[in-house]
1. For the range A:257-278, how many residues meet the condition of being of a type outside the set (Val, Ile, Thr), within 14 Å of chain B (Cβ to nearest Cβ) and surrounded by fewer than 17 Cβ atoms within 10 Å (Cβ to Cβ)?
2. Check every one of the helices (runs of 4 or more DSSP H) wholly within the range A:278-354 and list those with 1 or more residues that are in contact with a Leu (Cβ under 6 Å, 6 or more places away or on another chain) and at pLDDT 95 or above.
3. Could you please find all residues in the range B:279-311 being surrounded by 21 or more Cβ atoms within 10 Å (Cβ to Cβ) and not aliphatic (A, V, I, L, M)?
4. Taking the criterion of being touching a Leu at 6+ places or on another chain (Cβ under 9 Å) and either β-branched (Val, Ile, Thr) or outside any helix (DSSP H, G or I) (or both), would at least one residue in the range B:371-388 satisfy it?
5. Taking the range B:205-234 only, how many residues are outside any helix (DSSP H, G or I) and surrounded by 15 or more Cβ atoms within 10 Å (Cβ to Cβ)?
6. Considering (1) within 25 Å of A:Gly416 (Cβ to Cβ); (2) within 12 Å of chain B (Cβ to nearest Cβ); (3) more than 22 Å from the chain's Cα centre (by Cα); (4) crowded, with 24+ Cβ neighbours inside 10 Å, say which one A:Leu31 fails and leave the rest.
7. Return a yes/no flag: does the range B:332-344 have any residue that is closer than 20 Å to B:Val170 by Cβ, touching a residue at least 40 places away in the same chain (Cβ under 8 Å) and in the same structural domain as B:Ala247 (by TED's automatic domain parsing).
8. Does the range A:75-84 include one or more residues that are touching a His at 6+ places or on another chain (Cβ under 9 Å) and outside any helix (DSSP H, G or I)?
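The values are calculated or read from the model by the stated rules, or taken from the named source; none is laboratory data. Being a predicted model, the structure only gives us computed values, none of them experimental. Cβ placement follows ideal geometry from the backbone for every residue including glycine, while neighbour counts extend to all protein chains displayed.
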There are 2 protein chains.
Amino acid sequence: MMNSVNWISDLPLLATAAESEYAPFVLAGVLLSLVIIYLASKLGGELSRMMDLPPVLGELVGGVVVGASALHLLVFPDSGAFASESMVMTTLQFIGNLTPEAVTSIFASQSEAISILAELGVIVLLFEIGLESDLRELQKVGYQAAIVAVVGVTVPFAAGTAGLMFLFYVPVIPAVFAGAALTATSIGITSKVLSELGYLKSKEGQIIVGAAVIDDVLGIIVLAVVASLAKTGEVDVFNVIYLIVSATVFLLGSIFLGNFFNKSFVVVADKLQTRGKLVIPAFIFAFFMAFLANAIHLEAILGAFAAGLVLDETDKRKELDQQVIPIADILVPIFFVTVGAKVDLGVLNPIAPENREGLIIAVFLIVVAILGKLVTGWSVFGQPGINRLAIGYGMIPRGEVGLVFAGIGEASGVLGKPLQAAIIIMVILTTFLAPPLLRQAFKEPSSEVAEPVDAG
Amino acid sequence: MMNSVNWISDLPLLATAAESEYAPFVLAGVLLSLVIIYLASKLGGELSRMMDLPPVLGELVGGVVVGASALHLLVFPDSGAFASESMVMTTLQFIGNLTPEAVTSIFASQSEAISILAELGVIVLLFEIGLESDLRELQKVGYQAAIVAVVGVTVPFAAGTAGLMFLFYVPVIPAVFAGAALTATSIGITSKVLSELGYLKSKEGQIIVGAAVIDDVLGIIVLAVVASLAKTGEVDVFNVIYLIVSATVFLLGSIFLGNFFNKSFVVVADKLQTRGKLVIPAFIFAFFMAFLANAIHLEAILGAFAAGLVLDETDKRKELDQQVIPIADILVPIFFVTVGAKVDLGVLNPIAPENREGLIIAVFLIVVAILGKLVTGWSVFGQPGINRLAIGYGMIPRGEVGLVFAGIGEASGVLGKPLQAAIIIMVILTTFLAPPLLRQAFKEPSSEVAEPVDAG
């Protein structure tokens, strides 16, 4: 007789047996969540564009609308939601006739899968930002931009952190995290407005764009340091120094060693013949660097960013950029919408009196975010007659990197809900404000009016 | 005093609190697994190509090498592996100084994330196959191809299922599943060999390619039906009829309604202006159809395939195809490598006497897989002098869809390890055998030698 062989799979009955039983429902939940995420991102992005605002802002607001603040189409257990509050889960329960326990287990698995996809999304985003940051361009903008960048990182960080700690008695770790979230300028928004106004190639435009690029790099280093502090839960001077040094060495080291790696990458990619011959080696490199950064207690996105900077120096850059775009188009919105969805703006609802303290702090953060960047205009030296107000306004918008702070702060559990909501509102407001302010600054005559130059 | 506000996140301490604490390690595990998967897929794919074999075969073998059968770089708890057997997990344990309980929890989360990515990979694969299947071409090939396809699906399915049940006493559900895995022909492999030999446009070539396309469609319907049977665990005549009807109605209904939907899709895609303006609406549609198919108890891949067929009829086809390629390049290898990695070929090791029964069944499956397709050559009528042997050989290779069977059989837990391994070996062997057999068949003179025609 041959029926002694196990024809039915002989799984050990661990927790995974349950997961295997519910696997089709987890997949259904992931698919439905992705449909909601993509709908929110496209609707928000397109509406934003119609109002002449950056699409990423619309994706974020789209996430807020479908998330914990409003429609509850997309909620997450780690922000305290129960399965019964998720529209996706109630739909699955209706379709599959599931028990509440089954739904809770499916909810956890589904949310974890979406969170991982969102993390892959931010990794691909930073890889793409790295690919698009031209290091040689950066060297050209020189000292002026570097000073503006450093002032624009230091002032909001110091004022924000100190204010939260000493005015509002916020503990040091969340205060440092929120202060750090004020540092990064969004290059995308400003450069788009500058280009529309025809000032992209003006002296002011060059300084702003250069400073924004440096800001991104500084911001990512600050994030790596702050997120590591959040993991250990204490601020120890030696640890801070170790983290700053290791993040800087990691980034500079990657760029330096990358000059040698570059050539072998091109040689290998040229030899490959099968599908994905360029994009797969690039992702092997990006994911390995992300893993490496994670393994030495920095952030995965720092590694992905470094990988992008390195591959940007190869002559495969354009082709690779082209192929990374659709992948980023699919993965990045998952990150932005998820960040928006996880925020509960209800904690800042001004009608409830218990929210008043949180609201005051949100207002404080927004004021620091604006003034802390505005002063950068006056840090420019040796340029008589330069439009300082325009430079200050140009540095105001926070964007992708500010959201990365909010997302990672949420994931590491260090930001309380009011602080997290305050950061999101700060990103939204600064992004809304910058374009009209910038337009106005270039209209007002300064002592020597900057000539509009064609954006080319 | 304002420190009454919760600045530290106030998570409810569910299971997710643990997941939040380990989240960086889960991400690190996913990144490292993806690096291994991509390395295995590229090495395997390129080696395969050098040996003039299809890259997908190399990706599968690459998965077998890094998986449970050999290197243990990529193993999964639902195939019975423990965290300590996973090289990825021992690496993480070394880096993070983790407790065994933490590693087990991270292992489960990481494996689930990779499994979801693999499922998204097979969904994107079927979407792409749908996008590339031209329905109008299919109508042209006509009855000859349809008969070859139906014979080539019916004979291996009936012979395989009956043989397993009556010769080897395999229970009905796994027998039906294994029989079904014998049905689908891989169009990719055969058409590449035909094109190399210059016979793609010959009468034989046209029949083979047409039959392979129909086979894919029939195979996906068979899979949807069989996988649903596996979920309920019993074969009930009414249920089988319901499933066959619903799968067919779903597919034909999508194509029919798709003719109307098509136009609105193009109108919407033309209006969108932001990034991902084509690919995001396409994925919304594909994922929604996949969800729908899943919700009515069919398979998600059937919905993705239908979505691809529908969008193939729009004039956005080429542009969309172009953008789906890099996304598929990144996601599809996760599926193939995972299928290979989950198989334990050790259960068919001929040295161990307890494996003998499994081995005999594997040999039986392979013989049925070859003979069941070979007979299709003699089902062609009204074509005197046609090279029947060439048609039969051309139908032999199983490929992507055969692997989809193995993958879904594994996920639903219906296939025991020996049957699963036998299916994988069947796919590998038939794919290896077909090209040399086909070359030989076209060299042997048949009663009226088919003239080589340029592949155009």
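1. Number of matching residues: 4.
2. So the answer is A:279-295, A:317-342.
3. B:Pro281, B:Phe283, B:Phe285, B:Phe287, B:Phe291, B:Asn294, B:Glu299, B:Gly303, B:Phe305, B:Gly308 - these are the residues of the range B:279-311 that are surrounded by 21 or more Cβ atoms within 10 Å (Cβ to Cβ) and not aliphatic (A, V, I, L, M).
4. No, the range B:371-388 contains no residue that is touching a Leu at 6+ places or on another chain (Cβ under 9 Å) and either β-branched (Val, Ile, Thr) or outside any helix (DSSP H, G or I) (or both).
5. 0
6. That leaves (1) as the condition not met.
7. Within the range B:332-344, one or more residues are closer than 20 Å to B:Val170 by Cβ, touching a residue at least 40 places away in the same chain (Cβ under 8 Å) and in the same structural domain as B:Ala247 (by TED's automatic domain parsing).
8. Yes: one or more hits.
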